[in-house]
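These notes concern the structure reproduced below.
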């Protein structure tokens, strides 16, 4: 009998307590609501993605990438409170880890000051042939945006 591996939990305390280097505000839309009246989990995933895109811009990632791109290798999300429309969501993001070809972005989504979602995304840097080492200038930008 095969057992399911235990998934590592996100370090919520680290994300909630640390000053996150990039904080952006994302509006909620009426269309984000589900039949229970709160922001749907699928819509919340899109809100987190918007936060990662703006984080990448703050890191200077588009300008540094040239022929390189980033891809999501894994995404872990922990929902801890409901979010509601029309209040915006504040997404704080920062680098949790930097590897040879990948980096991990940690995120905390708050609405009205209350943490609602914790997430971490492992991103791989690649070219047309597959994963490549993170360029030095991008690594330096990520180090500046690391979460203590």
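Observations on the model:
- Flag for residue 15 being touching a helix residue (DSSP H, G or I) at 6+ places or on another chain (Cβ under 9 Å), in contact (Cβ under 8 Å) with a residue 40 or more places away in the chain and either assigned to a helix (DSSP H, G or I) or surrounded by 15 or more Cβ atoms within 10 Å (Cβ to Cβ) (or both): no
- The set of residues in the range 32-57 that are part of a helix (DSSP H, G or I), in contact with a helix residue (DSSP H, G or I) (Cβ under 9 Å, 6 or more places away or on another chain) and crowded, with 16+ Cβ neighbours inside 10 Å comprises 32, 43, 44, 47, 55, 56.
- Residue 71, sole failed condition from (1) touching a strand residue (DSSP E or B) at 6+ places or on another chain (Cβ under 8 Å); (2) over 19 Å from residue 147 (Cβ atoms); (3) outside any strand (DSSP E or B): (3)
- Within the option set 8, 81, being touching a strand residue (DSSP E or B) at 6+ places or on another chain (Cβ under 9 Å), at pLDDT 95 or above and in a loop (DSSP other than H, G, I, E, B) holds for one residue only, 81.
- The set of residues in the range 84-109 that are within 19 Å of residue 45 (Cα to Cα), touching a strand residue (DSSP E or B) at 6+ places or on another chain (Cβ under 8 Å) and in a loop (DSSP other than H, G, I, E, B) comprises 84, 85, 87, 88.
- Hits in the range 45-67 (condition: more than 21 Å from residue 101 (Cβ to Cβ), more than 10 Å from the chain's Cα centre (by Cα) and in contact (Cβ under 8 Å) with a residue 60 or more places away in the chain): 58
- Selection status of residue 70, without any contact (Cβ under 8 Å) to a residue 60 or more places away in the chain, under 25 Å from residue 8 (Cα atoms) and within 16 Å of the chain's Cα centre (by Cα): yes
- Checking each residue in the range 103-132 for being out of contact with any helix residue (DSSP H, G or I) (no Cβ under 9 Å at 6 or more places or on another chain) and farther than 16 Å from residue 89 by Cβ picks out 104, 122, 124, 126, 127, 128, 129, 130, 131, 132.
- Failed item in (1) surrounded by fewer than 18 Cβ atoms within 10 Å (Cβ to Cβ); (2) over 23 Å from residue 19 (Cβ atoms), with residue 88 passing the rest: (2)
- Matching residues, the range 112-130, being within 11 Å of residue 69 (Cβ to Cβ) and surrounded by 14 or more Cβ atoms within 10 Å (Cβ to Cβ): 123, 124, 125, 126
The values are calculated or read from the model by the stated rules, or taken from the named source; none is laboratory data. Since this is a predicted model, take the numbers as computed values, not measurements. Virtual Cβ from ideal backbone geometry, glycine too; neighbours counted across all protein chains shown.
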